[in-house]
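Read the structure below first, then the notes.
The values are calculated or read from the model by the stated rules, or taken from the named source; none is laboratory data. Since we're looking at a predicted model, the values are computed, not measured. Because the Cβ atoms are built from the backbone with ideal geometry, glycine has one as well, and the counts that use them run over all protein chains shown. Only protein heavy atoms, including side chains, enter the accessible area calculation; ligands, DNA and RNA are left aside. Shrake-Rupley method; radii C 1.70, N 1.55, O 1.52, S 1.80 Å.
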Amino acid sequence: MTLRMDKSFGTDRSRDHAVEVAGRQETLVSLFPDARTEIVARKGDRVTARTHYTALGREGTATFHFDYLMDGTIRFEKVCDGNVWKELRGEVSFDDAEPAGAGCRVTIEMEGRTKGFVPEFTIRGPMKEQIEQMAESLRRRIEEG
């Protein structure tokens, strides 16, 4: 089964500022506020992070690859070696707000395919909570600075 979610927010900060803040290591680590996250590799425009979390009453470790594109977009992908996801990918994009100079709009999109035995209702809530936490953390970082 494929699940899709997105979350957008506006900020009065410029697109360039938002992209710069999103590219910082401390911002990346803050996207998972309920977990201990560390950068484990950097190669070119790719950063690999490992996060230690508790979900559905179980402790686990997840590895994510973040690819920073020339236009400021950040694509991410979970290394799916667990029991829930076959595939989980996402993107953080930045668009200038209208009228010009009115800040920017940040959108986080996630799409994933679960393993066959995982019912949608068990993962939709945690996925929604995760995207909400990511958006709030990113908004706070952009607005602070």
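Annotation: Ala41 fulfils all but one of (1) without any contact (Cβ under 8 Å) to a residue 60 or more places away in the chain; (2) under 18 Å from Ser137 (Cβ atoms); (3) hydrophobic (A, V, I, L, M, F, W, C); the unmet one is (2). Can Glu26 be described as within 14 Å of Ile74 (Cβ to Cβ), assigned to a helix (DSSP H, G or I) and among the charged types (D, E, K, R)? Spelling it out, it is not the case that Glu26 is within 14 Å of Ile74 (Cβ to Cβ), assigned to a helix (DSSP H, G or I) and among the charged types (D, E, K, R). Whether any residue in the range 102-122 is of a type outside the set (Phe, Trp, Tyr), within 22 Å of Tyr53 (Cα to Cα) and part of a helix (DSSP H, G or I) is what I want to check. Taking every residue of the range 102-122 in turn, at least one turns out to be of a type outside the set (Phe, Trp, Tyr), within 22 Å of Tyr53 (Cα to Cα) and part of a helix (DSSP H, G or I).
Step by step: first the residues of the range 40-78, then only those that are open to solvent by less than 60 Å² (accessible area, probe 1.4 Å) and touching a Leu at 6+ places or on another chain (Cβ under 7 Å), then the one that is nearest to Ser8 (Cα to Cα). Which residue is that? Looking at the filtered set, the residue picked out is Phe66.
Can you pull out the residues in the range 71-91 that are of a type in the set (A, V, I, L, M) and assigned to a loop (DSSP other than H, G, I, E, B)?
Once the filter is applied, which keeps residues that are of a type in the set (A, V, I, L, M) and assigned to a loop (DSSP other than H, G, I, E, B), the range 71-91 yields only Val84.
Answer with yes or no whether Val21 is open to solvent by less than 50 Å² (accessible area, probe 1.4 Å), at pLDDT below 95 and in a helix (DSSP H, G or I). Against the criterion (open to solvent by less than 50 Å² (accessible area, probe 1.4 Å), at pLDDT below 95 and in a helix (DSSP H, G or I)), Val21 does not qualify. Residues that are of a type in the set (Asp, Glu) and loosely packed, with under 15 Cβ neighbours inside 10 Å within the range 97-110 comprise just one, Glu98. Being under 23 Å from Gly101 (Cα atoms), aromatic (Phe, Trp, Tyr) and either modelled with pLDDT of 95 or more or touching a strand residue (DSSP E or B) at 6+ places or on another chain (Cβ under 7 Å) (or both) is the requirement here; does Phe9 meet it? Spelling it out, Phe9 is indeed under 23 Å from Gly101 (Cα atoms), aromatic (Phe, Trp, Tyr) and either modelled with pLDDT of 95 or more or touching a strand residue (DSSP E or B) at 6+ places or on another chain (Cβ under 7 Å) (or both). Filtering the range 61-70 for residues that are more than 21 Å from Glu136 (Cα to Cα), touching a residue at least 60 places away in the same chain (Cβ under 8 Å) and assigned to a loop (DSSP other than H, G, I, E, B) leaves an empty set. Residues of the range 61-90 that are at pLDDT 90 or above and polar (S, T, N, Q): Thr63, Thr73.
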